[in-house]
Amino acid sequence: MTNTPANRNSQTPVFRAKGVTKTYTMGDVKIHALRGIDLELFAGEFVVLLGASGSGKSTLLNILGGLDTASTGEVQYQNHALVGIPDRELTQFRREHVGFVFQFYNLIPSLTARENVAIVTEIARDPMTPEAALALVGLSERMDHFPAQLSGGEQQRVAIARAIAKRPAVLLCDEPTGALDSKTGIRVLEVLAHINQSLGTTTAVITHNAVIGDMADRVIRLSDGMIADIQHRHEKRKPAELSW
Amino acid sequence: MVKALPNGSLKRKMLRELSGMMGQLVAIASVVAIGTMVLIISLSTRLSIAQSQQYFYDQYQFADVFMHVTRAPNDMAMRLQELPGVNQVETRIIASARIQIDDFPEPIQGQFQSVPDFSEPMLNRLYYRYGGPPQAGQIPQVVVTEPFAEAHHLQVGDSIQAILNGRLQRLEISGIALSPEHIYQLEPNSILPDYQRFGVFFMQRSALATVFDLEGAFNQVSVSIQYGADPHDVVSQMNALLERFGSHGAYLREEQASHRFLSEELEQLRILSWVLPTIFLSVAAFLLHVLMGRMMLMQRQTIALLKAFGYSNRQILTHYLSFSLCIVGLGLIVGTLLGYWVAEPLARLYAMYFKFPEFMFGIQIQALGVAMAITALAALAGTFSSVRKALIMSPAEAMRPPAPPSFHHHQSILGPMYQKLTPGTRMIVRTLSRHWFRSVIAIFGIGMSGALLILGGHQFNAVDHMLDHQYRGVFRMDLDVQFTEARPHRVIHELTSIPGVFFAEGYRQVPVRLHNRHRYERVSLSGLPEQPHLRHVLNQQMKSETLPGDGILLTRYLAESLQLNAGDSVYVETLVGHQRRLELRVAALVDEPIGIGAYMERVALNRTLFEDDVVDGAWLLIDATDPTVYQTLQRLPYIASIGSLLDAESDIRDYIQDTVLSVMMIMFFLAGTMTFAVVYNNARIMFSERERELASMRVLGFTRWEVLWVLVGELAVLIVIAIPLGWIFGAGFSYAMVSALSMDMFRIPWVLDMRLFAMATFGVLFAALLSIALISRRVLNLDMIQALKTE
């Protein structure tokens, strides 16, 4: 299934997944979330994973980010295996290399924006300051607000600031605009694009909104736990040009 | 590089979250605080009394062996001194006398003890609160004990009158003092102090010797024992040496009245000091485990998030352990401070009946430390097990909303009724059965707290029951009149002929020591009429026993401590007059809650002792409205004391009220607080766990009250089941308590009154209503949008 373009052949993939499956039980039901995924993600690229609910895109992202482990198959991050390694190493991997952005922001309500970012910078090896991270997402003015005092878009930008503050190699975003209106969503996507370009962070965005695919280097479609199609886009659009 | 301690942001998160859940925090902390308070109160009361006693004994040379003789020459003191094992010897004159005080018409019994003319006694020295030792002079001087002086408002320089060996004598008070022999100041043969009608007086040896014709002689000796010597050897040697001087038998401290009662009291407190805290702290530990566990489960998503950021398991665990340690720490600190604050006054109140020169408040720090550690560990274990559950999940799994639990249809159990239930009620039924284990634990917790209410309340009823039994069932007399010495039985006719006396019954009272193998007890053997009317001897069925023509009856508690049963033989050693050792058959056991005693038919007793038909006192039934009865009785020269049973009953009620019940009152209050804390916490956690679900119901169009019902209904079911469970636990706890508290002095019966159960039920219901009132505010103001957003 791997469909590596010629122009990327010279590059080393950041992530390499091979034959990844994932099965889990939810209540009384056994779910085959992934049924054999082969995939590579390259340094600095902006990838959009598209798919309907239950297509397995979140599961794939979780496995790449070390939040979950594959049932079978291989996953490598910069030539380090992510399958079958102890929890301690997985923790270390998340701490140093991956930033997450979730659909529902998952901010800690009892901490201010600045403190929500600090919770990550305090344990990272070479972080930017929480203030710098918040400035990158345009929230310098609202650093001392609690999540409840911020709009949805602002909360998501705090979540992005929190994810990039550690200068991760990879930014994994699960439906970052899913809970936002289109105007706010575009503002968030602008921030993601800006980070991708200015810091060179490999960015993977999960969405079921096909329009977002227009701003990506590659669009990977998932269906029923398998990769259905991979598109290379040579002409990326700016987030501001998108609308839905 | 992995930091073990929670860092800045986590610390801030913890502090903000702690302040955000103030109600729950206070509830959990109060469970801990109450456990700690109970422990401190229990430990400090016992230790304070024990320390004060030890200090008094040590500083004022309380003797080890005591012995009464009829009359022994002074030079026997030298011989006693030479006995191996004897350290110091102090001979004295001790005699009884009637005291008269203006404004107090009732007879007062005085015990006169000699002190050396020109020096301090070597043993049983006095602590002078005011004034000093008696001096020789025109008017003989005496020192009185402080409780007597207080009861009659006597001061140094005041005078009293005493009938000393038949002669009325005016005495001047030179000092007011305390004696290690009379920390618990008791009239012989009674079990409670009566400071108005009994006093101890200290007079110069020479003055007392003259009055009682004991010049050059003594009638009591106290001895202290060398370190390491066997006290029983000293006792046998003293018995052998002084037998020919009319010895009543030497006895050790353990049989000395004041020491014995104090020891009993300390023993009772020792038991209380572990039974009560054990029950309270184990309930607290259980509740903490459950509460912290459930609270931590609600942090599942945050834990997953922290893991996603790369926090290590150790860091997350440390964070949550310090979180619960904060709550427990708060409880421990508040409990310790409040405990100290309450414990000292309470210990002093308890010690009110004991006269110490110095009350030395103290607490066993070690025991406190251990208990605190246990409490903290219980909370940490609860936290640990829940956080661990979240930690072993992969973060992705923990962050996913938990899979909808599988529910079942309940038509089969509830039948057609189920169809008629409202959706809300169906939710209650399903939730309870789905989370049955959690429900069982909650029921258990609420039941336990209700059980503490029963434990706390049990004593009140039981004490009433006990006193009713003794003062309505056993004692039927109005007055108890004791004679100066044994008198022929015909004196009863004389008493009956006094106007206002309806009925009189004579009794014998012989101090004896009962032996069964190596066990022995000093008690008073009472000789009663065959069919006593004024003092019943009750069997287990509460029926009055007839006294058999031979054999002896024993209080069940006494028989048990001597390991005797009906039909066994017991050795009886008389301690006055001609000392005899008799072997008697135990005819039956008697069930009395107060005191210990042995009973025989009077004529049989006198015959066994080779004495004529004599009596030592009489019980009277009188016309209470006739004031002349007292006056006539007082004029009779052979009457040593007149005791009113009404006074005795109110004295013992006061005593129990001031001691056991005042502690239990606090325990009851603490149990009530704990009940509230537990019920509130359950309700609060139920609300948090259900917040999204309830908000969804509101979104779907359920009314506020329908939504509230889902929560209240579930709590109601838990409480309805928990209440009877609490009754069972409570009955068990109180049984453990009364069994542990059985003493010579009194045995509180295990009485389970309907009122008790009603009270515990009311307590739990009240706590539930209050909790519901507090929670309903949150349910009624549920923010639908916010609640649904917080995924």
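The values are calculated or read from the model by the stated rules, or taken from the named source; none is laboratory data. Because the structure is a prediction, the values reported are computed rather than measured. Counting neighbours? That spans all protein chains shown, and the Cβs are built from the backbone with ideal geometry, glycine included.
Could you please let me know if B:ARG684 is part of a helix (DSSP H, G or I), buried (at least 19 other Cβ atoms within 10 Å of the Cβ) and basic (Lys, Arg)?
The answer is yes for B:ARG684.
What number of residues in segment B:188-210 are assigned to a strand (DSSP E or B) and modelled with pLDDT of 90 or more?
The first filter runs over segment B:188-210 and keeps only residues assigned to a strand (DSSP E or B), leaving B:198-204.
Retained after the next criterion (residues that are modelled with pLDDT of 90 or more): B:199-204.
Selection size over segment B:188-210: 6.
Scan segment B:126-174 for residues that are over 24 Å from B:LEU214 (Cβ atoms) and assigned to a loop (DSSP other than H, G, I, E, B) and jot them down.
Matches in segment B:126-174: B:GLY132, B:HIS152, B:HIS153, B:LEU154, B:GLN155, B:VAL156, B:GLY157, B:ASP158.
When you look at A:ILE123, is it crowded, with 20+ Cβ neighbours inside 10 Å, within 11 Å of chain B (Cβ to nearest Cβ) and in contact with a Leu (Cβ under 7 Å, 6 or more places away or on another chain), yes or no? It would help to see each step written out before you state the result.
On the way: crowded, with 20+ Cβ neighbours inside 10 Å: yes; within 11 Å of chain B (Cβ to nearest Cβ): yes; in contact with a Leu (Cβ under 7 Å, 6 or more places away or on another chain): no.
So A:ILE123 does not fit the description; no.
Looking at B:PHE309, B:PHE323 in this structure, which one is within 14 Å of another protein chain (Cβ to nearest Cβ), free of Cβ contacts under 8 Å to residues at least 24 places away in the same chain and touching a helix residue (DSSP H, G or I) at 6+ places or on another chain (Cβ under 8 Å)? Before the answer, list the steps.
Values: B:PHE323 fails: free of Cβ contacts under 8 Å to residues at least 24 places away in the same chain.
Of the residues listed, the single one that is within 14 Å of another protein chain (Cβ to nearest Cβ), free of Cβ contacts under 8 Å to residues at least 24 places away in the same chain and touching a helix residue (DSSP H, G or I) at 6+ places or on another chain (Cβ under 8 Å) is B:PHE309.
From the residues in segment A:58-88 that are at the interface with chain B (Cβ under 8 Å from one of its Cβ atoms) and charged (D, E, K, R), which one is nearest to the chain's Cα centre (by Cα)?
A:ASP68
Among the residues of segment B:576-595, what is the count of those that are more than 17 Å from B:LEU467 (Cβ to Cβ) and part of a loop (DSSP other than H, G, I, E, B)? Let's see the steps before the verdict.
Taking segment B:576-595 and keeping what is more than 17 Å from B:LEU467 (Cβ to Cβ), we get B:576-590.
Those still in the list that are part of a loop (DSSP other than H, G, I, E, B) too: B:576-580.
Going through segment B:576-595 one residue at a time, the tally reaches 5.
In segment A:33-57, how many are within 17 Å of A:ASP224 (Cβ to Cβ) and either within 14 Å of another protein chain (Cβ to nearest Cβ) or in contact with a Phe, Trp or Tyr (Cβ under 9 Å, 6 or more places away or on another chain) (or both)? Break it down into steps so the answer makes sense when it comes.
Step one: list which residues in segment A:33-57 are within 17 Å of A:ASP224 (Cβ to Cβ), which gives A:33-39, A:49-57.
Now drop any that are not either within 14 Å of another protein chain (Cβ to nearest Cβ) or in contact with a Phe, Trp or Tyr (Cβ under 9 Å, 6 or more places away or on another chain) (or both), which leaves A:33-34, A:39, A:53-54, A:56-57.
Residues that pass the stated criteria total 7.
Of all residues in segment B:211-232, count the ones that are outside any loop (DSSP other than H, G, I, E, B) and within 28 Å of B:LEU83 (Cα to Cα). Let's see the steps before the verdict.
Initial filter on segment B:211-232 (outside any loop (DSSP other than H, G, I, E, B)): B:211, B:217-225, B:231-232.
In the following step, the residues that additionally are within 28 Å of B:LEU83 (Cα to Cα) were identified as B:217-225, B:231-232.
Adding up the residues that qualify gives 11.
For the list (1) assigned by TED's automatic domain parsing to the domain that holds B:LEU455; (2) at pLDDT 75 or above; (3) surrounded by 19 or more Cβ atoms within 10 Å (Cβ to Cβ), I need the number of the one condition that B:MET667 fails.
All conditions pass for B:MET667, except number (2).
Could you pull out the residue among B:GLU649, B:GLU689, B:GLU611, B:GLU601 that is within 30 Å of B:LEU765 (Cα to Cα) and touching a residue at least 40 places away in the same chain (Cβ under 8 Å)?
Numbers: B:GLU649 fails: within 30 Å of B:LEU765 (Cα to Cα); B:GLU611 fails: within 30 Å of B:LEU765 (Cα to Cα); B:GLU601 fails: within 30 Å of B:LEU765 (Cα to Cα).
Within the list B:GLU649, B:GLU689, B:GLU611, B:GLU601, the selection yields B:GLU689.
Can you tell me which of (1) touching a helix residue (DSSP H, G or I) at 6+ places or on another chain (Cβ under 9 Å); (2) assigned to a strand (DSSP E or B); (3) closer than 15 Å to B:GLN204 by Cα is the one B:GLU106 doesn't meet?
(3)
Restricting the search to segment A:64-78, which residues are outside any loop (DSSP other than H, G, I, E, B) and closer than 15 Å to A:LEU172 by Cβ?
Applying the first criterion (outside any loop (DSSP other than H, G, I, E, B)) to segment A:64-78 yields A:64, A:72-77.
Of everything in segment A:64-78, those that are outside any loop (DSSP other than H, G, I, E, B) and closer than 15 Å to A:LEU172 by Cβ turn out to be A:LEU64, A:VAL75, A:TYR77.
What do you reckon, is B:GLY527 in contact with a His (Cβ under 7 Å, 6 or more places away or on another chain), surrounded by 18 or more Cβ atoms within 10 Å (Cβ to Cβ) and in the same structural domain as B:LEU582 (by TED's automatic domain parsing)? Walk me through how you get there before you give the answer.
Working: in contact with a His (Cβ under 7 Å, 6 or more places away or on another chain): no; surrounded by 18 or more Cβ atoms within 10 Å (Cβ to Cβ): yes; in the same structural domain as B:LEU582 (by TED's automatic domain parsing): yes.
No.
If you take the residues of segment A:90-119 that are over 16 Å from the mean Cα position of the chain (by Cα) and closer than 25 Å to A:GLY44 by Cβ, which of them is nearest to the other protein chains (Cβ to nearest Cβ)?
Top of the filtered list is A:GLN92.
Between B:GLN113, B:GLN141, B:GLN185, B:GLN155, which is closer than 13 Å to B:GLY199 by Cα and at pLDDT 90 or above? Talk me through it step by step, then tell me what you get.
On the way: B:GLN141 fails: closer than 13 Å to B:GLY199 by Cα; B:GLN185 fails: at pLDDT 90 or above; B:GLN155 fails: closer than 13 Å to B:GLY199 by Cα.
Answer to the selection: B:GLN113.
Failed condition for B:LEU752, given (1) in contact (Cβ under 8 Å) with a residue 60 or more places away in the chain; (2) under 21 Å from B:VAL440 (Cα atoms), with all others met?
(2)
Looking at (1) among the β-branched types (Val, Ile, Thr); (2) free of Cβ contacts under 8 Å to residues at least 60 places away in the same chain; (3) within 27 Å of B:SER236 (Cα to Cα), can you tell me which one B:VAL65 breaks?
(2) is the only condition that B:VAL65 fails.
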